[in-house]
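Participant: My questions all concern the structure below.
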Amino acid sequence: MCSRTSSRSRTGRPRSTEADAAILEATRAALVELGWSKLTMGDVAGRAGVAKTTLYRRWASKNELVVDAVAVLFDELELPDLGSLRADIEHVVLQFAALLQRPETKTALMAVVAESTRDEPLRERIRASIVDRQKRLVLEGRRRAQDRGELPADRDPETVDGTDDLIFDVIAGAVVHRALVSAEPVDEEWVQRFTALLIGGLAAAATAP
């Protein structure tokens with residue numbers, strides 16, 4: 001799916017979801033084959049079978065296009081209710097790790113993150129299109145755990161957003177670092193140990209004054 005602001009047609013004409021999907025798939029394929037520096041809007045248009053003007057009506061630049069191509073992959077992440085916070089966390093971490101091992105995800109994510117170090121608008125777009133959107137998993141997981149009585153209800157609503165941000169940073173940072181930086185396996189044993197550590201930290205934070 002493609003629901004970002006840049007995805008609105010600048011001409012006001014109806015969008016083709018099939019064309020959007022083909023363009024984003026072509027973008028990921030081109031990144032894997034060509035890399036960031038050699039990727040062009042023209043190459044993507046040719047692979048997707050659309051005119052280059054079609055791309056520019058949807059995305060103003062290669063940066064926007066690549067971020068959206070990555071973002072739709074992360075939209076595949078789900079948090080099914082498996083009956084416990086531990087099971088929920090282990091499931092989504094393993095799912096996240098598997099997603100990072102796909103060549104199109106790995107190449108695209110590393111490319112946009114590297115480019116964003118010198119492009120503040122691109123960094124903001126990554127935050128809005130990928131990071132902020134995936135925080136839904138943290139919100140949902142904490143709410144379920146509170147409903148089950150595994151975590152206490154929030155005592156100070158003003159701190160909730162900061163806590164959710166911290167949980168997301170811990171999970172995403174640990175998994176991305178292990179999978180893409182250290183190139184170590186994110187297997188069931190590691191995920192179980194990581195989840196135990198995370199849940200212990202959540203319990204300690206919930207009881208801290």
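The values are calculated or read from the model by the stated rules, or taken from the named source; none is laboratory data. Predicted model only: the values in this text are computed from it and were never measured. Note that we place each Cβ from the backbone using ideal geometry, even for glycine, and neighbour counts take in every protein chain shown. All accessible areas refer to the heavy atoms of the entire protein, side chains included, with ligands and DNA or RNA removed. Shrake-Rupley method; radii C 1.70, N 1.55, O 1.52, S 1.80 Å.
Participant: Could you list all residues from the stretch 74-91 that are hydrophobic (A, V, I, L, M, F, W, C), without any contact (Cβ under 8 Å) to a residue 60 or more places away in the chain and closer than 21 Å to residue 185 by Cβ?
Facilitator: 87
Participant: Hey, another quick one. Give the residue, chosen from 68, 81, 132, that is open to solvent by 50 Å² or more (accessible area, probe 1.4 Å), touching a Lys or Arg at 6+ places or on another chain (Cβ under 8 Å) and at pLDDT 90 or above.
Facilitator: 81
Participant: Looking at the stretch 54-63 only, could you name the residues that are touching a helix residue (DSSP H, G or I) at 6+ places or on another chain (Cβ under 8 Å), part of a helix (DSSP H, G or I) and open to solvent by 40 Å² or more (accessible area, probe 1.4 Å)?
Facilitator: Within the stretch 54-63, 56, 62 meet the criteria.
Participant: Among the candidates 22, 51, 45, which residue alone is open to solvent by 40 Å² or more (accessible area, probe 1.4 Å), modelled with pLDDT of 90 or more, on the phi < 0 side of the Ramachandran plot and of a type outside the set (S, T, N, Q)?
Facilitator: 51
Participant: Sort out which residues of the stretch 52-87 are under 16 Å from residue 127 (Cβ atoms) and of a type in the set (Phe, Trp, Tyr), and write them in order of number.
Facilitator: 74
Participant: Write out, first by first residue and then by second, each pair whose Cβ atoms fall under 7 Å of each other, whose residues are 6+ apart or on separate chains, and whose first residue, in the stretch 155-183, is modelled with pLDDT under 75 while the second is among the aliphatic types (A, V, I, L, M).
Facilitator: Matching pairs, first to second residue: none at all.
Participant: Would you confirm whether any residue within the stretch 33-44 is within 22 Å of residue 180 (Cα to Cα), of a type in the set (Asp, Glu) and in contact (Cβ under 8 Å) with a residue 60 or more places away in the chain?
Facilitator: Among the residues of the stretch 33-44, not one is within 22 Å of residue 180 (Cα to Cα), of a type in the set (Asp, Glu) and in contact (Cβ under 8 Å) with a residue 60 or more places away in the chain, which makes the answer no.
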